[in-house]
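See below for the structure under consideration.
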Ligand code: FES
């Protein structure tokens, strides 16, 4: 089992110290990136480490680690190549890019090349649809890629190079990226200064400036309240909202009944037993129209169906609809279905109605 280095432990303490003492479990997401930065994935030892330093149990940590796709559950290559195959990119050729890479590298989704350099995955929307099709390498973007361009990138990676992404910082390994995702700065010279956001990304900002739209001021140094303070503030806000609610209007008095009583109008109780009600439902009156009885046509022009003798209709239906040999309900008998279909088509041709004119069992000729 991995024993995490003192550097990792020190970073873990630093991450936890960013959160109020009674909210240390909020540090779980960056801590999972941190353990991934040492092992290349979140191993059982990594789960145990996070649980131990946060006072959680392993099931709680595991539930989080398995929920997010950025936490890898098995050793991952130096470079994670994610190809967006979601709708927009797919329409623009994303699947072709993915298929080309998969064939060239000889790996499928979430698999790593034998040299341990590249892990390929298809990704859902990478939030860069305006540059589709896109792929990322360790979460840095390569915009408007085509199969040949994507092949060039992976070949350069395998040869030990670090191709420049379209925008953002220079490429680093997945473990190095995990350190950044845990909340630590990229210390490489000029890493932050590399590249810049593309014009499509800035389009919203430009429009906001043009139209004088801005967000309300936000002070990044606003202190994070402790849970107790936040709960107290929420309770006070709730109490203020309750106090501000208008009192409910009194219900208008109902006119007194003929007896002169002012007692509320209540519905008469249902004095029929459940058994009686069930029996009534199963055996409607013989003169009652039974539109869904076997062999009954349901008119589509809105006229009520002619009353039929329910029992006679049922007998006729049963006789014309013998049980299917395969034990399925009689209505599933193939011949009945075909007749049903023909009948529906004939009905549609005759009166413009759709297949809904066919009876459910479809045995009436
Ligand atoms: S669909 Fe590919 S980035 Fe949105």
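Can you tell me which residue within the stretch 153-166, out of those that are assigned to a loop (DSSP other than H, G, I, E, B) and under 21 Å from residue 98 (Cβ atoms), is modelled with the lowest pLDDT? This residue is 166.
For the residues 239, 185, 230, the requirement of being at pLDDT 80 or above, within 30 Å of residue 30 (Cβ to Cβ) and assigned to a helix (DSSP H, G or I) singles out 230. Please work out if residue 152 is more than 16 Å from the ligand (Cβ to nearest atom) and free of Cβ contacts under 8 Å to residues at least 60 places away in the same chain. So residue 152 passes the test. Residue 112: under 30 Å from residue 16 (Cα atoms) and in contact (Cβ under 8 Å) with a residue 24 or more places away in the chain, yes or no? In short, no. Against the criterion of being closer than 30 Å to residue 14 by Cβ, modelled with pLDDT of 95 or more and in contact with a strand residue (DSSP E or B) (Cβ under 6 Å, 6 or more places away or on another chain), residue 120 does not qualify.
For the stretch 118-132, taking the residues that are over 15 Å from residue 198 (Cα atoms) and buried (at least 18 other Cβ atoms within 10 Å of the Cβ), the one that is nearest to the ligand (Cβ to nearest atom) is identified as 126.
The sole residue among 91, 97, 81 that is loosely packed, with under 13 Cβ neighbours inside 10 Å, within 16 Å of the ligand (Cβ to nearest atom) and more than 23 Å from residue 224 (Cα to Cα) is 91. Per the conditions (1) in contact with a strand residue (DSSP E or B) (Cβ under 7 Å, 6 or more places away or on another chain); (2) in contact (Cβ under 8 Å) with a residue 40 or more places away in the chain; (3) away from the ligand (no atom under 16 Å from the Cβ); (4) on the phi < 0 side of the Ramachandran plot, the sole criterion not satisfied by residue 137 is (3). Do we find that residue 66 is buried (at least 19 other Cβ atoms within 10 Å of the Cβ), more than 16 Å from the ligand (Cβ to nearest atom) and under 19 Å from residue 182 (Cβ atoms) in this structure? Against the criterion (buried (at least 19 other Cβ atoms within 10 Å of the Cβ), more than 16 Å from the ligand (Cβ to nearest atom) and under 19 Å from residue 182 (Cβ atoms)), residue 66 does not qualify. Scan the stretch 135-152 for residues that are in a helix (DSSP H, G or I) and surrounded by fewer than 21 Cβ atoms within 10 Å (Cβ to Cβ) and jot them down. Residues satisfying the conditions are 147, 148, 149, 151, 152.
At pLDDT below 95 and exposed (fewer than 15 other Cβ atoms within 10 Å of the Cβ), is that true of residue 169? Taking the combined requirement at face value, the residue does not satisfy it. Looking only at residues in the stretch 191-206 that are farther than 30 Å from residue 9 by Cβ and over 31 Å from the mean Cα position of the chain (by Cα), the one that is modelled with the highest pLDDT is 206.
The values are calculated or read from the model by the stated rules, or taken from the named source; none is laboratory data. Just so you know, these numbers come straight off a predicted model, no measurement behind them. No Cβ is skipped: glycine too gets one built from the backbone with ideal geometry, and neighbour counts run over all protein chains shown.
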